[in-house]
Amino acid sequence: MERIAVGFLGCGNIGCGVYRLLESFGGELEKNEGIRFEVRRILVRSLEKTRAIPRALLTDRPEDVLNDPQIALVMEFMGGEEPAASYLVRALQNGKTVITANKMALASHWEEIVRAARDYQSGLYYEASVCGAIPIIRAINDSLQANRITSIMGIINGTTNYILSRMSREGAAYGDVLADAQRLGLAEPDPTADVEGYDAAYKLSILSTLAFHRHVPVEAIYREGMTGVTPLDVQCGREFGLTLKLLAVAKMEGGAVEARVHPTFVPEDHPLASVGEAFNAVYVSGHACGEMMFYGRGAGDMPTASALVSDLIKAAKTKKHPLPAVCDEPCTMAQDWQCVHFVRMRAKDEPGALSQVCGTFARHGVSIASMVQKGERDEGGCVQLVFLTHRASERAVRLALSEMARDLVSKVSVIRVEGR
Ligand code: HSE
């Protein structure tokens, strides 16, 4: 039986989940894999907090984990950018194999962390950093290696998927569902990272970097949150047969990468439309494998622990650690993208208004696929116009909208449509 000493950096929900899984499943792991993992030291912020973990394992000195020569594998679940990123680099430089769930540290310090792994020939494993239990990193790195991946579309944030699923089902307003999600512990007291799309952007940076073999920095990802989505948008989309999701989209075309996170309509018969509640899914297209979807739990202590312990086993059994297959050339980011656009606007209900709106779209090469005028005039003599364009350039749609007279058109909402 091989015995391997493990150090933890952090011991919140996820760390405690890993500890519990190693305790409860350790016997089977020993039988199946012939390895006994022994947690030797756990870095915590406060030694006083009550935890179901022996007090003797706890330390508040990072060097007790990072510099302990007995510790071969370091698992990080502190979260946040710093000091986590610096600890990851130090552990790698000390020749330790690192297993992390920290998408923020990894995405924000990708080059530095990967360089440390390469320079010191240390192992770097991060399955849990994207979509919790779903084995999407391993799928991209290993199972789909024989593919040129052309696009990734993911529901990679559970909190926003929960909120949008309920808004769609109940016709409820964003603020009301968010407050409920916070009461249920499904959204953070400060929900910014989730609802503004930062969490999804970190994950998309990692996924697209691996899929396209180019470093796609977080800052290069177009990001738009979901706080402006209204029940009226959800309802109008449904009338066009569309379901609203916060989608992370990455595509590689002609050597350029487009990467974006924003509210997105998908056709209601698209596999992503059926992904409800706090579930995650990643829809991948490859030139050889075709289209496939990975679905499961993207967060929570045990789903995340499942991915972390699987990395632990893989790391322990690997003689030569793989490095991410990413070339050093800078990534060319696409400056524009094409997709179907849903455009809803409040417009004056008077002769020629529609013709002016359509004329402006036409001047910018934006072709209308469908259009409806909704409801009665409001107190300002305006109605809701809802358009679905054919595939059109984002820049052209934006330009056209910016040229429409403010006294004619107001309260414009633009939502991209994918999967058609
Ligand atoms: N807050 C994230 C989510 C989980 O809602 O999916 C961790 O990334």
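The values are calculated or read from the model by the stated rules, or taken from the named source; none is laboratory data. Remember, predicted model here, so these are calculated numbers, not experimental data. Methodologically, a virtual Cβ is constructed for each residue, glycine included, from the backbone with ideal geometry; neighbour enumeration extends over all protein chains shown. When the accessible area is computed, the model is the full protein with side chains, heavy atoms only, and any ligands, DNA or RNA have been set aside. Shrake-Rupley method; radii C 1.70, N 1.55, O 1.52, S 1.80 Å.
A few comments on the model shown:
- Out of 350, 418, 376, sole residue that is of a type in the set (D, E, K, R) and in contact (Cβ under 8 Å) with a residue 40 or more places away in the chain: 418
- Selection from the stretch 230-245 of residues that are crowded, with 18+ Cβ neighbours inside 10 Å and among the charged types (D, E, K, R): 233, 245
- Residue in the stretch 187-196 that is charged (D, E, K, R) and more than 14 Å from the ligand (Cβ to nearest atom) present: no
- Filtered residues of the stretch 260-285 (kept if away from the ligand (no atom under 16 Å from the Cβ), open to solvent by 10 Å² or more (accessible area, probe 1.4 Å), within 20 Å of residue 134 (Cβ to Cβ) and in a strand (DSSP E or B)): 283, 285
- Only listed residue being in contact with a Gly (Cβ under 7 Å, 6 or more places away or on another chain) and not basic (Lys, Arg), chosen from 141, 102, 157, 161: 102
- Restricting the stretch 297-309 to residues that are of a type outside the set (A, V, I, L, M) and within 12 Å of the ligand (Cβ to nearest atom), the residue that is farthest from residue 155 (Cα to Cα) is 301.
- Of all residues in the stretch 1-58, those being loosely packed, with under 14 Cβ neighbours inside 10 Å and of a type in the set (A, V, I, L, M) number 4.
- Matching residues in the stretch 168-186 - criterion: being open to solvent by 50 Å² or more (accessible area, probe 1.4 Å), of a type outside the set (S, T, N, Q) and within 16 Å of the ligand (Cβ to nearest atom): 183, 184, 185, 186
- Filtered by the rule that a residue be closer than 24 Å to residue 184 by Cβ and among the aliphatic types (A, V, I, L, M), the stretch 262-280 gives 272, 273, 275, 278.
- Close pairs (8 angstrom Cβ cut-off, 6 or more residues apart or separate chains): farther than 15 Å from residue 140 by Cβ in the stretch 286-303, assigned to a strand (DSSP E or B) and open to solvent by 70 Å² or more (accessible area, probe 1.4 Å) anywhere: 303/297
- Tally, over the stretch 197-225, of residues that are in contact with a strand residue (DSSP E or B) (Cβ under 6 Å, 6 or more places away or on another chain), within 19 Å of residue 280 (Cβ to Cβ), away from the ligand (no atom under 11 Å from the Cβ) and among the aliphatic types (A, V, I, L, M): 5
- Positions within the stretch 82-132 being in a loop (DSSP other than H, G, I, E, B), under 20 Å from residue 11 (Cα atoms) and either away from the ligand (no atom under 16 Å from the Cβ) or open to solvent by 60 Å² or more (accessible area, probe 1.4 Å) (or both), in sequence order: 82, 83, 96
- Of residues in the stretch 293-317 being of a type in the set (A, V, I, L, M, F, W, C) and within 17 Å of the chain's Cα centre (by Cα), the one modelled with the lowest pLDDT: 299
- Residue that is most open to solvent (accessible area, probe 1.4 Å), among those in the stretch 194-229 that are β-branched (Val, Ile, Thr) and assigned to a helix (DSSP H, G or I): 218
- Across the stretch 59-81, the qualifying residues are those that are open to solvent by 30 Å² or more (accessible area, probe 1.4 Å) and among the hydrophobic types (A, V, I, L, M, F, W, C), and the one among them that is nearest to residue 301 (Cα to Cα) is 78.
- Residue that is farthest from the ligand (Cβ to nearest atom), among those in the stretch 145-156 that are within 15 Å of the chain's Cα centre (by Cα) and open to solvent by 10 Å² or more (accessible area, probe 1.4 Å): 151
- Scanning the stretch 382-409 for residues that are at pLDDT 95 or above, under 18 Å from residue 349 (Cα atoms) and of a type outside the set (Val, Ile, Thr) yields 382, 384, 385, 387, 401, 404.
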